[in-house]
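Worksheet: one structure, shown below.
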Amino acid sequence: MNIIGLFDKYLLILVIIQGLITSFIDYKSFKRAGMNRTARTAKVIGSSEIIISFLMYLIANKLY
């Protein structure tokens, strides 16, 4: 199965939305709860997820 070929526009949009929720909404809720380390981790994970999915989308478009 060709996994890179599965990255299309719709998957990219869904992953970006999910990454934004993790980066902003979860970050704020963790920060309010006093879980500062978890808040930073949520921001890093959300941002990394957006970057990785965008790169995979670019690779999929270049190869296919």
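Key figures for this structure:
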quantity	calculated
Dipole axis of the chain (+1 Lys, Arg; -1 Asp, Glu on Cβ), positive-most option in Asn36, Ile51, Ile16	Asn36
Normalised convex hull volume, the chain, alpha-carbon set, Å³ per residue	68
Helix-derived mean residue ellipticity, 222 nm - over the chain, DSSP H n ≥ 4, -39500 (n - 2.57), to 500	-23500 deg cm²/dmol
Sites Met35 and Lys9, calculated FRET efficiency, Cβ-Cβ separation with R0 30 Å, nearest 0.05	0.30
Degrees separating the helix 9-20 axis from the principal Cα axis of the chain, which is the longest one	10
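Each reported figure results from applying straightforward, stated rules to the coordinates on display, with no laboratory input. Remember, it's a predicted structure, so these values are computed and weren't measured experimentally. Quick reminder, even Gly has a Cβ in these numbers, built from the backbone with ideal geometry, and neighbours come from all protein chains shown.
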